[in-house]
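Asks: Structure incoming, see below.
The values are calculated or read from the model by the stated rules, or taken from the named source; none is laboratory data. Owing to the predicted nature of the structure, the values given are computational and were not obtained by experimental measurement. A quick note on method: Cβ atoms are made from the backbone with ideal geometry, for glycine too, and the neighbour counts reach across all protein chains shown. Heavy atoms of the whole protein, side chains included, go into the accessibility calculation; ligands, DNA and RNA do not. Shrake-Rupley method; radii C 1.70, N 1.55, O 1.52, S 1.80 Å.
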Amino acid sequence: MKNTYFTSYFPLIAILLFSTSLSISTVSEIVGLLKRLGVYGGMLEFFSESGIKLALFTVFALIYFMVFSALKLISDTVTELSLLFFSKDAEGESLKKIRLGSAFYLAGGGVSLLLVQFGAAIIAVFLLATVCYFIFAVYQFSFFLTSFSLIGLVLFHVLFWSVFLIGILYICMKLYNSLLASLPI
């Protein structure tokens, strides 16, 4: 099929697949944690077992869906911003070339459903799909960029995502430390 919009639904399906697999994995971990803490028995007095699991699945699926959607939005914005800085392609042909790269995430989402018992494996599949997509995108961009522009584009992405992840980790560490400091000992 030659229609340029054929792959337009791949990101949504991939987000749904990754959200579903991570939600199932998280629900099984949370239920195990609630059982170890002794809270699960008390919850069964108010809800059925399937009701608890369905409620937890709904909450986590929504959270994961929002996180993956936000990451997709940020990724698209960073990609287009880097092309604005480094590409001379005014027509947007380079963006059309990388649309097929969302198939990496679609395949990764399908594989993640097979790994619902292993949360770390799901994250590893997502990271592998991200690396494959990045390599595919850089290869497709190489036809539209000079060598120096391609190096600038890659460095722009690496620096942005490094600063983004380090910033998130720093904020989490600060929150964790402030929570520990506020506990009465």
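Asks: With every protein chain left in place, what is the accessible area per residue of the chain in square angstrom, probe 1.4 Å?
Replies: For the chain, the per-residue accessible area is 67 Å².
Asks: Also: Could you work out the helix-only [θ] at 222 nm for the chain, with each DSSP H run of four or more residues adding -39,500 (n - 2.57) and the total divided by the number of residues, to the nearest 500 deg cm²/dmol?
Replies: -28000 deg cm²/dmol
Asks: For all pairs of alpha-carbon atoms in the chain, what percent lies in each bin of width 10 Å, listed from the first bin to the last filled one?
Replies: Bin by bin from 0 Å, the calculated values are 8, 27, 30, 20, 10, 5, 1.
Asks: Just the number, please: carbon plus sulfur as a percent of the accessible area of the range 54-131, 1.4 Å probe, no ligands or DNA/RNA counted. Display every interim value, and only then the final one.
Replies: Working: 3620 of 4750 Å².
On the range 54-131, the fraction of accessible area on carbon and sulfur atoms equals 76 percent.
Asks: Quick one: Karplus J couplings for the range 15-20, per residue in order, coefficients 6.51, -1.76, 1.60, θ = phi - 60°, nearest Hz, x for Gly and Pro?
Replies: For the range 15-20, the Karplus curve yields 4, 5, 5, 5, 5, 5 Hz.
Asks: Right, another one. Just to check I understand the Karplus step: with θ = phi - 60° and J = 6.51 cos²θ - 1.76 cosθ + 1.60, what whole-Hz values come out for the range 53-61, glycine and proline as x?
Replies: Values per residue, Gly and Pro as x: 5, 5, 5, 5, 4, 4, 5, 5, 4 Hz.
Asks: Net charge around Ala90, counting only other residues with Cβ within less than 14 Å of its Cβ (Lys, Arg = +1; Asp, Glu = -1)?
Replies: Values: positive: Lys88, Lys96; negative: Glu80, Asp89, Glu91, Glu93.
Net of charged neighbours comes to -2.
Asks: Under a GNM of the chain (C-alpha, springs under 10 Å), which listed residue has the highest mean-square fluctuation: Leu153, Leu81, Leu169?
Replies: Maximum fluctuation in the GNM of the chain, among the listed residues, is at Leu169.
Asks: Excluding same-chain residues fewer than 8 positions from Lys53, which lysines have a Cα within less than 27 Å of its Cα?
Replies: Candidates past the 8-residue exclusion: Lys35.
Asks: Say we join alpha carbon atoms closer than 10 Å with springs in a Gaussian network model of the chain; which of Glu29, Glu49, Glu80 then has the biggest fluctuation?
Replies: So, out of Glu29, Glu49, Glu80, the one fluctuating most is Glu49.
Asks: Another one. Would you mind calculating the relative contact order of the chain from Cα pairs under 8 angstrom and at least 6 residues apart, reporting the percent as a whole number?
Replies: After rounding, I find 31 percent.
Asks: Which whole-Hz ³J(HN,Hα) couplings does the range 151-158 yield from phi under the Karplus relation 6.51 cos²θ - 1.76 cosθ + 1.60, θ = phi - 60°, glycine and proline marked x?
Replies: For the range 151-158, the Karplus curve yields 5, x, 5, 5, 5, 4, 5, 4 Hz.
Asks: For the range 1-83, which chymotrypsin sites (Phe, Trp or Tyr not before Pro) are in a loop by DSSP, counting at most 16 other Cβ atoms within 10 Å?
Replies: Answer in residue order: Tyr5, Phe6, Tyr9, Phe46, Phe47.
Asks: Using the C-alpha atoms of the range 47-150, what convex hull volume per residue, in cubic angstrom, is computed? Show your work: numbers first, answer last.
Replies: Values: hull volume 10.8 nm³, N = 104.
In the range 47-150, the Cα convex hull volume per residue is 104 Å³.
Asks: While we're looking at this one, here's another question. List the trypsin sites (Lys or Arg not before Pro) in the range 33-117 that DSSP assigns to loop (not H, G, I, E or B) and whose Cβ has at most 10 other Cβ atoms within 10 Å. Which are they?
Replies: Lys88
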